[in-house]
Each structure stands twice: as C-alpha cells, then as structure tokens.
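Trainee: Take a look at the following structure, please.
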Amino acid sequence: MKWGTKYGPEYVNRLYAMVRRHLSGDFKFVCLTDDGAGIRPEVLCLPIPPLDLSLAPGQRDGAWKKLTTFSADLHGLSGTALFLDVDVVVVGGLDAFFEQPGEFLIIHDYARPWRRERITGNSSVYRFELGAHADVLDYFRANTEKVQAEFRNEQRYLSDFLYRQHKLNYWPTQWCPSFKYHGIPPFPANLWREPFVPDGSRIMIFHGECNPPDALAGRRNRLFRYIRPANWVARYWKE
C-alpha cells in the first residue's frame, strides 16, 4: 500500500523484485495506491478503498487506511493475501509465510511487552484470507471515534479485535526482526561494527526513524544513536 509522497515507486518496484526472488511459484502482486506512476507493469495497481471518515481540516487517516485491506470485496480479489509494508527488506524465503498455520498471522510487536499492548501485532507483515475479516473494517467505520479514542493506531485496534475472536496468531520471532531493535550492534560496538541481519531472518522491518536508504547511508534521525552504513541493504533492496 502506497499513498502520498513519502515513498516513491522505487519502493514498490524493489519490493516486487525481492518477493519474486524469494517466493516460489506464481503469485499476484497488488499495490493499493493513489498514484501508480513509475510502478513496473508486473504490479497490479488498484485504488485504496475509501475509509469513509469524517475528518477535521488537516486531519489524516494515515495508517488506518490499512484496515481497508479487510474489505468484504477488495476489488474482486480472492485467496490468501500476505500484506507487506512498502519499506520492508526481504532477506530470506517467503514460502513459509503461506505455510504457517493460523487464521490470521502478524508480527508480535517489539516494544513494551509487559504492558497492555503485549498482544499487539506489528502490521508490517500480516496474512489473512481476503474478505474473511470484513467485520474489522465494518466495526471501525461504525465506531470510528470510539476506536480512535481507545487505540492509538490501527495495529493495536486490529490486534485487540482479532484477539477477542481468538483468531490472532504471531509469526515465529526470528522471521521478522526489527532493524532498529535487533539489527544494530549495541553501544559501543555500533561505533565500529556494521548493522547486520540476525540469524533466521526472512523480512527485516524498518519502522520509526530509519528506512532502507537511511540505513544504507548510515543515517539516523536520532543523532545520539550512531550507526555505520548497513551495506547488507544493497544486496537485497534492489530490482
């Protein structure tokens, strides 16, 4: 899913290429977007379904847009879907993501496991049957203010909703590590050791202040947390 101007078409094109290299067999690669310009022809570009929210001036629906993937009829698509954030980096085989048992699978979120959000999933990578969880979106549309007052973001709401239905399952921990939590050597080793791909990784997750080109350049928004260039990114994040 890509909207706005933060991510250019190269993110989609490289994501497609990484999936093609790491997933066996045939698949359909879909990008829900408000601008398909520059995206390679192998990618099926479709419009992002409207959330139908009443937004105040200047207010944005942001990542809540992800909930539209649970539409009862998503442009006539059917089958098993693996959602990938546009800024992840695929570093290992993806077949297992379609073989892992569970009705709905998501990353177990990394931060604050001792607090209420211990059940929260990180929605950078999740798998579901298209059309099977339309109630997630229907309830949000009917109770938007209530949901947004209770949950800070879409992944907390999504996780809580499916947890209450006993449908929430998580990927094996090592499959989807966080670059900033698991791929940067601890201080002071970060001063001389490069960021790395942890053993067992299949998809590296970039969330927060650093994305793949930042990591490749050795650049972070938090200046007090130095990193060397993550040269491994260039081996995977490419067409």
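Bear in mind these aren't lab numbers, they're just calculated from the coordinates by the rules spelled out. Owing to the predicted nature of the structure, the values given are computational and were not obtained by experimental measurement. Quick reminder, even Gly has a Cβ in these numbers, built from the backbone with ideal geometry, and neighbours come from all protein chains shown.
Trainee: How long are the three semi-axes of the equivalent ellipsoid of the stretch 171-228, in whole Å, if each is the root of 5 times an eigenvalue of the C-alpha gyration tensor, listed from largest down?
Mentor: Equivalent-ellipsoid dimensions as semi-axes: 19, 13, 9 Å.
Trainee: Could you compute the FRET efficiency for S78 and D26, with r as their C-beta to C-beta distance and R0 at 22 Å, rounded to 0.05?
Mentor: Here the calculated transfer efficiency is 0.90.
Trainee: Rg/Rh for the stretch 119-165: what does it come to with C-alpha atoms and Rh from Kirkwood?
Mentor: My calculation puts Rg/Rh at 0.94.
Trainee: Could you estimate the translational diffusion coefficient of the stretch 105-239 from the Stokes-Einstein equation, with Rh from the Kirkwood formula over C-alpha pairs, at 10 °C and 1.306 mPa s, in whole µm²/s?
Mentor: Translational diffusion coefficient: 95 µm²/s.
Trainee: Sum -39500 (n - 2.57) across every DSSP H segment of at least 4 residues in the chain, then divide by the residue count to get the 222 nm mean residue ellipticity, nearest 500.
Mentor: When only DSSP H runs of four or more count, the value is -6500 deg cm²/dmol.
Trainee: Can you compute the modelled spin-label distance between A37 and E150, with each label point 7 Å from Cα toward Cβ, in nm?
Mentor: Simple spin-label model gives 4.2 nm for this pair.
Trainee: Expressed in nm to one decimal, what extension gain is obtained for the pair L191 and D135 from 0.36 nm per residue of sequence separation less their Cα-Cα distance?
Mentor: Length gained, L191 through D135: 15.3 nm.
Trainee: Now, a different point. Using per-residue counts of other Cβ atoms within 10 Å, averaged over each peptide, order 195-205, 135-145 from highest down.
Mentor: Packing proxy ranking, top to bottom: 195-205, 135-145.
Trainee: Something else: If packing is taken as the mean number of other Cβ atoms within 10 Å per residue, what is the order of 4-17, 85-98, highest first?
Mentor: My ranking of the peptides, most packed first, is 85-98, 4-17.
Trainee: Follow-up question, since we're still on this one. Output wanted: per-residue J couplings in Hz (rounded whole) for the stretch 132-143, from phi through Karplus 6.51 cos²θ - 1.76 cosθ + 1.60, θ = phi - 60°, x for Gly and Pro.
Mentor: Coupling constants for the stretch 132-143: 7, 10, 4, 5, 4, 6, 4, 5, 4, 4, 7, 9 Hz.
Trainee: Express in % the proportion of alpha carbon pairs of the chain at distances exceeding 28 Å.
Mentor: Here the tail beyond 28 Å accounts for 33 percent of pairs.
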